[in-house]
Every structure is written in C-alpha cells, then in structure tokens.
Amino acid sequence: MESQELLIGIDIGNDTAQIAYYDDTQFEPVLIGTNVQVRSDDLENHPQNDVWAQNDERVIKECMDIIKNEFSETVGIITLCIENYTRERAKYIHDCVAGYGISDENIYVQSYKQSYLHYVLSQNMELWVNDVGLFDYGTHGLIYRQLAVDRRKNPYIVGIMERDYSNIMPYEDAEDTNRGYVLENIADNAIHKQILSAIYVTGKGFDGEWADETLKKLCRGRRVFKGQNLYVNGACYTSKKHSKTGKLPEFIFIDDDMIPIHVSVNVYANASRQEVLIAGAGTPWYDIDNSIYVIPDGENEIQITMTNVITRAKSKHFIPLDFLGPERLDMKTRLRLRVRFQDMGRCILTVTDEGFGDIYKSSRRIYERMIELGGQ
C-alpha cells in the first residue's frame, strides 16, 4: 500500500471476526482473508460476563497480530463494530485497542446499525435515493433494518428502523425446508408499501441458495445485494470518514440513544450576539457532559435554546441568575454552564459560580434545573 497509515475496520460478530483495510487505489475496503474465531463453548450472550471480556481481548490481540503480519504500515484509524453493543463493552474494547499504541481519538467502537449506515452512505447516492432495507440472518435470528435519509435537511437526518423477526425465524431453524416460504412472508410484511432503492442481505443463515427465489422477487423495482462483509466494510468506511480524505456526506444519525436536539446558549461573543452550541443532536445522551463559561454583564438570566433537528421546532428556556445576588452580575464572576442528560427525555442544566480567582472568590452557589423534553 502507498498510504503511510492504515485505515482499518474490524467486525466482531458472535462467532467470527473479520478485518478489512481501506485501499486508496481501489477506493473501497478490501477484506483480509483470515477470520478470527470469536465464540467459545461457554460464551454466554451477556456483555457483562467475564468470558465476553476475555474473548474480546483475545480476538483483538489476534486481529492486531494479523494486521501487523500483513502490513508494514502503522494503524492510523481503526473502527470496530460489535453485534452485541453496550457502553461498557464498547469502552472495554476501546481500552484494549488503545493498549496497542493507537491514540484514543483514532479508535472508534460502533454498533452494527452504525456500520450499516456508514456502508450505505458510502455507496452511490442512487442506491439510497429512497429508503434502504437490510435483512440480517445470523445466530441471533432474522432482523430487518430500514435506513431512511431526509435530504431536505442540512445536514442530512438519518434514522434506522428495526424489526426483530427472530421469534418467527430463529437461527436454530436454519435447516427448515420451509425457510424460503417464511422469509417471503416476512419480507412482504417488512417492506409492504415501502419505497426502497436497495435491499442488502447478510448473515451466515443466508449461506447457500435456499433464499435465491425470494431474493429474485425482492429485485422487482430495486437492487438486491447479498454478502457477508457489510458490517466490516461499514466499519472501514467509518475509519475513512474520520481520515483527512474522508468524503462522506454530512449527516446526523438519530438512534434510540441519540438526542434529536441541539442545545445552545445565547451569548455575546466576537462583537455580536450568537448561539453557541453546547450539545449536538446525534450524540448519545449518556456521552453528553459539556460545559461553557460565561461572564454576566448586567444580565439577570441565561437563555438556552433547544432545536429539534427533525421537526425544526425550537423552545427557549431561561435560567435566572438572581441566586448570585445583584453585586455578582456586573462582570464580577465567571459562570460555568454545564449540560448533561439523565436520559433521552430529561436534560440537566447546572450553573455554578466559579468566581474570578483571588479578586472575586466563588460564592459556591449552584443553580440546577431539569428540563423535560417532552415533544422535543
């Protein structure tokens, strides 16, 4: 490879891990032929189990060894996607990878949904001019995901709807001779009256030719792609996105854990009134803990604006500063405005009097307010 640093994607599934690198000559991810075994006989599907941690650590070591043996270049950016995503597991994997000398800001751990999103948006726009469907038939059973892009917004708003059909079509029935009939009925239910540009089919449950007749029917009016490396390629595209040469369109991904609102504060800066963003839409609520420092210049309140990026609805919230006393509002203190989320529906705003060093000591006064987002 001519590139001095590698852009890597790794898919840690339930049974195997795949590795891909972004090839700047082919302008797409290329799979490394060796798969790594993930699952052990006593591995339970529970991310808090110590066995998960041991397997993740072992899998990451084997993957990093393969990368080291395959390439002389160092890893620049690496993205790992995991089938059973939790915050705790993602952090553990992140820390494991950091142990190989890769800086924290160049390590990304994401869900299968996010890998799917990055894969689709990295294809030609004609393939996602309408919604895009995905049938994933792995050891978890059959899951359908449908990606929708609202290109009327700038940046694009992207969402993924998910339906779990594993109770109807579990992986244990992979040898059922009626699978084709069951899949056809599920597909009819999932995409009924939906306008789709493309459908992707992935998962080891689709191995063989048993689903070919159903897939031919899905091809009417849309394109259908079948393969086993969608998620690892999506992870690789994420690494490409975060590189200096990434060209993925600007978008905000709204998922079950990602807030749909921008939180900003109205301040006077650079000789003009402006809205300064404190928390951005498309960020997981549990990752938000941001602060901004302001100096009151006679104001007796702070204006917070919350803008829903989907509906464009705005709401304004005012934090009174009278708890400081009038003598502190004339540029005699510095206030820390902190924004956190208790959950998807509740935002916590905290104002703390930080004082001005030795000139004006902090009063240690704190004002806290919880805002119920409701229809936001």
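The values are calculated or read from the model by the stated rules, or taken from the named source; none is laboratory data. Note that the structure is a prediction, hence the values are computed from the model and not measured. As a convention, Cβ positions derive from the backbone with ideal geometry for all residues, glycine included, and neighbour counts pool all protein chains shown. Note: accessible area is taken over every heavy atom of the protein model, side chains too, but ligands, DNA and RNA are not part of it. Shrake-Rupley method; radii C 1.70, N 1.55, O 1.52, S 1.80 Å.
Overview of values
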item: Rounded FRET efficiency, nearest 0.05, which uses the C-beta distance separating D358 from K153 and R0 of 45 Å; result: 0.40
item: Residue of D255, D136, D287 that the Gaussian network model of the chain assigns the largest fluctuation, springs spanning Cα pairs under 10 Å; result: D287
item: Of all accessible heavy-atom area on segment 274-348, the percent that carbon and sulfur account for (1.4 Å); result: 49
item: Computed [θ] at 222 nm, helices only, for the chain once each DSSP H run of length n ≥ 4 contributes -39500 (n - 2.57); result: -6500 deg cm²/dmol
item: Accessible-area ranking of I292, I195, largest first, probe 1.4 Å; result: I195, I292
item: Spin-label model distance (nm) - Q303 vs M161, 7 Å beyond Cα toward Cβ; result: 3.8
item: Low-density loop positions, chymotrypsin sites (Phe, Trp or Tyr not before Pro), segment 255-352 - DSSP coil, at most 10 other Cβ in 10 Å; result: none
item: Difference of contour (0.36 nm per residue) and Cα-Cα distance, S72 to I295; result: 75.1 nm
item: Among I366, I310, I67, residue whose mean-square fluctuation peaks in a GNM of the chain (springs only between Cα atoms under 10 Å); result: I366
item: Residue with peak Gaussian network fluctuation, the chain [Cα springs, cutoff 10 Å], from D343, D297, D188; result: D297
item: DSSP loop trypsin sites (Lys or Arg not before Pro) with at most 10 other Cβ within 10 Å excluded, longest remaining stretch of the chain; result: 1-151
item: Gyration tensor verdict on segment 190-241 (Cα atoms; rounded if a/c is under 1.5, prolate if a/b is larger than b/c, oblate otherwise); result: oblate
item: Gyration tensor (alpha-carbon) shape descriptor, segment 212-322, a/c threshold 1.5; result: prolate
item: Globularity ratio of the chain, using Cα Rg and 2.2 N^0.38 Å; result: 1.17
item: Candidate lysines for bridging to K113, where Cα separation is under 18 Å - those fewer than 8 sequence places away on the same chain excluded; result: K91, K204, K226, K240, K241
item: Net charge dipole size for the chain [Lys, Arg +1 and Asp, Glu -1 on Cβ; Debye, nearest 20]; result: 1660
item: Segment 93-248 - share of DSSP beta bridges that are antiparallel (%, nearest 5); result: 60
item: Principal axis box of segment 108-203, alpha-carbon based, largest edge first, Å; result: 46, 35, 19
item: Solvent-accessible area per residue for the chain (1.4 angstrom probe, square angstrom); result: 50
item: Virtual spin-label span in nm between K91 and R369, 7 Å along Cα→Cβ; result: 3.0
item: Accessible-area order (highest first, 1.4 angstrom probe) of the listed residues T305, T16; result: T16, T305
item: Segment 82-160: C-alpha gyration tensor shape, a/c 1.5 cut-off, then a/b vs b/c; result: oblate
